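Structure first, commentary second.
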Amino acid sequence: MSNIAVRVEDIGKQYNIFTENIKYQTLRDKIVETVKSPLKMLLNPTGSQKFWALRHVSFELEHGQVMGVIGKNGAGKSTLLKILSRVAEPTEGIAEIHGRVGSLLEVGTGFHPELTGRENIYLNGAILGMKRTEIDRKFDEIVAFSEIDKFLDTPVKRYSSGMYMRLAFAVSAHLEPEILVVDEVLAVGDAEFQRKCLGKMSDVASEGRTVMFVSHNMSAIQRLTQECIVLEKGQMIMRAPTAKAVDYYLTHDFESGGEHKYTKDEIPANARPFKPIAVRVKTAKGITTDNQISTEPITVEVEYSLDSNITGLRIGIYLMTSRGEFVFTSFDTDEPSKFEHYRVRKAGHYVSRCVIPADTLNEGRFVIGINASSYMVKRYFGDERALNFNVNSTGAPGMQWVEVRSGPMRPRLDWEIKEVRS
Amino acid sequence: MKTAVKEIKKTPDVVIIQPSKGWVSLRLRDLWLYRELIYFLTWRDLKVRYKQSVLGVFWAVLKPFMNMVVFSIFFGSLAKMPSDGVPYPLFYFVGSLPWALFGDSLSVASRSLVSHGNMVSKIFFPRLIIPLSSVMASVVDFLISFVILGGLMIYYKYAPTIYALWLPLLMLLALITSLGVGFWTSALMVRYRDVGYILPFVTNLWMFITPVLYSASMIPEKWKVLYSLNPMTGVVEGFREALLGTPPALSPLLMGLSVLISLIMFVSGMFYFRRMEKQFADMI
């Protein structure tokens, strides 16, 4: 027997846009539709209501490999994981899975708020396919990991959201499948929790188990995976070592000229009432371009509209290097006075703008990610590769030496040189 | 690390994932592997159901008792419905036991997939488990109602006949019938939520073509065959015969027909459910 854990051959999944948007039909709709359909056939003979969320995807994964799956919203990442965890059936193709698959598609599924922590551990374990004896064996470990020992017999509806997440993740993480499929569990929870999850997942990986990991968090991807596949519009466009895949993902197809205008299909339905319009980088002279100069201030603009008022909205930018390392994160309501003033942001059309001071960035390619959220309430929209731009270091400090200067920043620091006489 | 790899090779169960076409196998083996999940889901339903109510499990007893009082006043005392010589409260209560089991099971089974939508769209497990486990809590309620039944039988000085040994089988028949219909309706409801509105109405009608409030002996002989096509007729009449010794309203042959119909519904429901299953995660 070969050492193959997962073999995917020409997998495809087709959705009806109709069923996607409306989710379910009523009989009345069905009747109306049937009456209309002769007309619809005439108007729309190709039946373009169907679309492929995933198509022609093939790869193999050996036991013990940890693979990342990266791609934009709607690229088909979640669909792929759903197929591999047997939640959704593919429309075409075949996949072979050698061993038990455990999935962390969404932690805490099946938790019941009225039940206590202890009861939910058993229930959730059973839902995830664990035997009762297996849960008994791991019970103490799960409790220790989630740090809820004092609240074991409290209904989980009284838990803080952090406790809830920790418990939910703990149960899923102790499933010990041969193949673990993980979808963006790190999007929630506080920093401490994320650190813990990442730690647990690298343990899993180092135990020689196979992991498929979807995330928008490039630093997590780089810490955990050696190899990645990149999905775009349902197609697998690349399989490469992580560094190369991340670089490609963050920087390719960006002949945008310093502006990214959002099209309809880039905005998920659950972003409402937030609607991104564009992200731009401008020079000091107000020219929108992706060629910026290190010695001049760089303006970053996020344009968006709100269909209704949002409480506590903050627009954030993440600056990353093309290797996916974070340089900094900044929010438009960081300033306490702004935070007070924009406690409730009214419906309307906005631009949030900030300036990266001159002499901040080193030469190279940078990626801007944006995020719109209300702290601890909801993440409306996020795009970790909204835009990228080049920084040219002409005139920057130290240009008399042609060597490559390491680090993403190149600040002009005020050096003082003093001869010390003892 | 080496040991982990070895362990994996020891379990060479390969899962093949590919599109299914048309009618598919029931995969009863998967169901068996996940039997503990049925247990846990039932246990959860029972636990949650009475957790925040003051009277708790007492409700399982109170509801059928109140129904009995109301129906005895209207149908027994006011309408003077013939009841094969048995006091009407007892007559009604014995018939209502299997009917309530059927009605409750059908209603929860039909709603089960939709109400477990987030589980269905996120985790893999044999989907048949959801309607199956949803009806188990009704069985417990049903057994609890036997407490009242015991009280009533002592009060009216009735002793069960030897045919009471058939009760478990009759109960199973009621359950199979409700599951059979429930498989169809739950799968349909994923696609058409209308089913949820139609169902209470249909269940009400169904009660009137089942001898719950009246005796099957009132049905003219020429309609008996048609009447026994309803599997619940056999169940309800069987309960009365076993517990109260009323004369059998259906011949063994007609009883067999009842059983056959309910089995057909059960098996066809399972196959229909399995056939629709692949759409559940996408449509729910």
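The values are calculated or read from the model by the stated rules, or taken from the named source; none is laboratory data. From a predicted model like this one, the values you see are computed outputs, not experimental measurements. Here the Cβ positions follow ideal geometry from the backbone for every residue, glycine too, while neighbour counts run over all protein chains shown. These area figures cover heavy atoms from the full protein model, side chains too; ligands, DNA and RNA do not enter into them. Shrake-Rupley method; radii C 1.70, N 1.55, O 1.52, S 1.80 Å.
Please determine whether any residue of the range B:185-198 is among the hydroxyl-bearing types (Ser, Thr, Tyr), without any contact (Cβ under 8 Å) to a residue 12 or more places away in the chain, part of a helix (DSSP H, G or I) and within 14 Å of chain A (Cβ to nearest Cβ).
Yes; the residues of the range B:185-198 include at least one that is among the hydroxyl-bearing types (Ser, Thr, Tyr), without any contact (Cβ under 8 Å) to a residue 12 or more places away in the chain, part of a helix (DSSP H, G or I) and within 14 Å of chain A (Cβ to nearest Cβ).
Kindly check whether there is at least one residue in the range B:44-58 that is more than 11 Å from every other protein chain (Cβ to nearest Cβ), closer than 24 Å to B:Val212 by Cβ and not in a loop (DSSP other than H, G, I, E, B).
Yes, the range B:44-58 contains at least one residue that is more than 11 Å from every other protein chain (Cβ to nearest Cβ), closer than 24 Å to B:Val212 by Cβ and not in a loop (DSSP other than H, G, I, E, B).
For a quick check of your reading of the model, give me the residue pairs whose first member lies in the range B:89-113 and is within 21 Å of B:Lys157 (Cα to Cα), whose second is open to solvent by 10 Å² or more (accessible area, probe 1.4 Å) and not in a helix (DSSP H, G or I), with beta-carbon atoms closer than 6 Å and at least 6 apart or on different chains.
B:Leu90/B:Tyr156; B:Phe91/B:Ser83
Suppose we keep only residues that are assigned to a strand (DSSP E or B) and under 21 Å from A:Tyr318 (Cβ atoms) within the range A:336-359. Which one would you say is most open to solvent (accessible area, probe 1.4 Å)?
Selected residue: A:Arg353.
Can you name every residue in the range B:116-140 that is within 17 Å of B:Trp43 (Cα to Cα), over 10 Å from the mean Cα position of the chain (by Cα) and open to solvent by 10 Å² or more (accessible area, probe 1.4 Å)?
Across the range B:116-140, the qualifying residues are B:His116, B:Val140.
Filter the range A:297-316 down to residues that are touching a residue at least 60 places away in the same chain (Cβ under 8 Å) and surrounded by 18 or more Cβ atoms within 10 Å (Cβ to Cβ) and give me whichever is farthest from A:Leu250 (Cα to Cα).
If we take residues in the range A:297-316 being touching a residue at least 60 places away in the same chain (Cβ under 8 Å) and surrounded by 18 or more Cβ atoms within 10 Å (Cβ to Cβ), then A:Ile310 is farthest from A:Leu250 (Cα to Cα).
Quick one: would you say B:Phe91 is within 14 Å of chain A (Cβ to nearest Cβ) and either at pLDDT 90 or above or not in a helix (DSSP H, G or I) (or both)?
No.
Count, please, the residues in the range B:234-259 that happen to be outside any helix (DSSP H, G or I) and not aliphatic (A, V, I, L, M).
5
Looking at the range A:65-72, is at least one residue closer than 20 Å to B:Pro19 by Cβ, within 13 Å of chain B (Cβ to nearest Cβ) and crowded, with 19+ Cβ neighbours inside 10 Å?
Among the residues of the range A:65-72, not one is closer than 20 Å to B:Pro19 by Cβ, within 13 Å of chain B (Cβ to nearest Cβ) and crowded, with 19+ Cβ neighbours inside 10 Å, which makes the answer no.
Is it the case that B:Leu143 is open to solvent by 10 Å² or more (accessible area, probe 1.4 Å) and under 30 Å from A:Gly102 (Cβ atoms)?
Against the criterion (open to solvent by 10 Å² or more (accessible area, probe 1.4 Å) and under 30 Å from A:Gly102 (Cβ atoms)), B:Leu143 does not qualify.
Search the range B:255-284 for residues being within 12 Å of chain A (Cβ to nearest Cβ) and in contact with a Ser or Thr (Cβ under 7 Å, 6 or more places away or on another chain), and hand back the single one that is most open to solvent (accessible area, probe 1.4 Å).
B:Lys278
Filter the range A:201-221 down to residues that are in a helix (DSSP H, G or I) and buried (at least 18 other Cβ atoms within 10 Å of the Cβ), then give me how many there are.
6
Considering only residues that are more than 7 Å from chain B (Cβ to nearest Cβ) and in a loop (DSSP other than H, G, I, E, B), look in the range A:75-124 and name the one that is surrounded by the fewest Cβ atoms within 10 Å (Cβ to Cβ).
Looking at the filtered set, the residue picked out is A:Pro113.
Return a yes/no flag: does the range A:239-250 have any residue that is among the basic types (Lys, Arg) and more than 14 Å from chain B (Cβ to nearest Cβ).
There is at least one residue in the range A:239-250 that is among the basic types (Lys, Arg) and more than 14 Å from chain B (Cβ to nearest Cβ).
Yes/no per residue for (1) in contact with a strand residue (DSSP E or B) (Cβ under 9 Å, 6 or more places away or on another chain); (2) within 14 Å of another protein chain (Cβ to nearest Cβ); (3) in a helix (DSSP H, G or I); (4) modelled with pLDDT of 90 or more:
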{"residue": "B:Ala109", "(1), (2), (3), (4)": "no, no, yes, yes"}
{"residue": "B:Ser112", "(1), (2), (3), (4)": "no, yes, yes, yes"}
{"residue": "B:Asn118", "(1), (2), (3), (4)": "no, yes, yes, no"}
{"residue": "B:Lys122", "(1), (2), (3), (4)": "yes, yes, no, no"}
{"residue": "B:Pro131", "(1), (2), (3), (4)": "no, no, yes, yes"}
{"residue": "B:Ser138", "(1), (2), (3), (4)": "no, no, yes, no"}
{"residue": "B:Ile144", "(1), (2), (3), (4)": "no, no, yes, no"}
{"residue": "B:Gly151", "(1), (2), (3), (4)": "no, no, yes, yes"}
{"residue": "B:Tyr158", "(1), (2), (3), (4)": "no, no, no, no"}
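From the set of residues in the range A:157-200 that are within 19 Å of the chain's Cα centre (by Cα), part of a helix (DSSP H, G or I) and aliphatic (A, V, I, L, M), which is modelled with the highest pLDDT?
Filtering first and then ranking leaves A:Met165.
Yes/no per residue for (1) under 21 Å from B:Val120 (Cβ atoms); (2) open to solvent by 60 Å² or more (accessible area, probe 1.4 Å):
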| position | (1), (2) |
| --- | --- |
| B:Asp30 | yes, no |
| B:Leu33 | yes, yes |
| B:Leu41 | yes, no |
| B:Val61 | no, no |
| B:Ser72 | no, no |
| B:Ser77 | no, yes |
| B:Pro87 | no, no |
| B:Phe91 | no, no |
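For residues that are charged (D, E, K, R) and closer than 23 Å to B:Leu172 by Cβ, scanning just the range B:196-254, find the one that is surrounded by the fewest Cβ atoms within 10 Å (Cβ to Cβ).
B:Glu241
What's the number of the condition B:Val120 fails, among (1) closer than 30 Å to A:Leu128 by Cα; (2) free of Cβ contacts under 8 Å to residues at least 24 places away in the same chain?
Only one criterion is unmet by B:Val120, namely (2).
State all residues of the range A:130-151 that are open to solvent by 20 Å² or more (accessible area, probe 1.4 Å) and either more than 23 Å from B:Leu37 (Cβ to Cβ) or in contact (Cβ under 8 Å) with a residue 24 or more places away in the chain (or both); if no residue qualifies, say none.
If the condition is that a residue be open to solvent by 20 Å² or more (accessible area, probe 1.4 Å) and either more than 23 Å from B:Leu37 (Cβ to Cβ) or in contact (Cβ under 8 Å) with a residue 24 or more places away in the chain (or both), then A:Glu141, A:Ala144, A:Phe145, A:Glu147, A:Asp149, A:Lys150, A:Phe151 are the ones that fit.
Is at least one residue of the range A:136-155 outside any helix (DSSP H, G or I), of a type outside the set (A, V, I, L, M, F, W, C), touching a Phe, Trp or Tyr at 6+ places or on another chain (Cβ under 9 Å) and more than 14 Å from chain B (Cβ to nearest Cβ)?
no
Identify, from the list A:Phe213, A:Phe254, the residue that is more than 14 Å from chain B (Cβ to nearest Cβ) and modelled with pLDDT under 80.
After applying the criteria, what remains is A:Phe254.
So how many residues does the range B:68-84 have that are closer than 17 Å to B:Met153 by Cα and touching a residue at least 24 places away in the same chain (Cβ under 8 Å)?
3
Failed condition for A:Arg137, given (1) on the phi < 0 side of the Ramachandran plot; (2) within 30 Å of the chain's Cα centre (by Cα), with all others met?
The one condition A:Arg137 does not meet is (2).
Looking only at the range B:16-28, which residues are more than 13 Å from every other protein chain (Cβ to nearest Cβ) and open to solvent by 50 Å² or more (accessible area, probe 1.4 Å)?
B:Trp23, B:Ser25, B:Leu28
From A:Ser172, A:Ser160, grab the single residue that is buried (at least 18 other Cβ atoms within 10 Å of the Cβ) and among the small types (Gly, Ala, Ser).
A:Ser172
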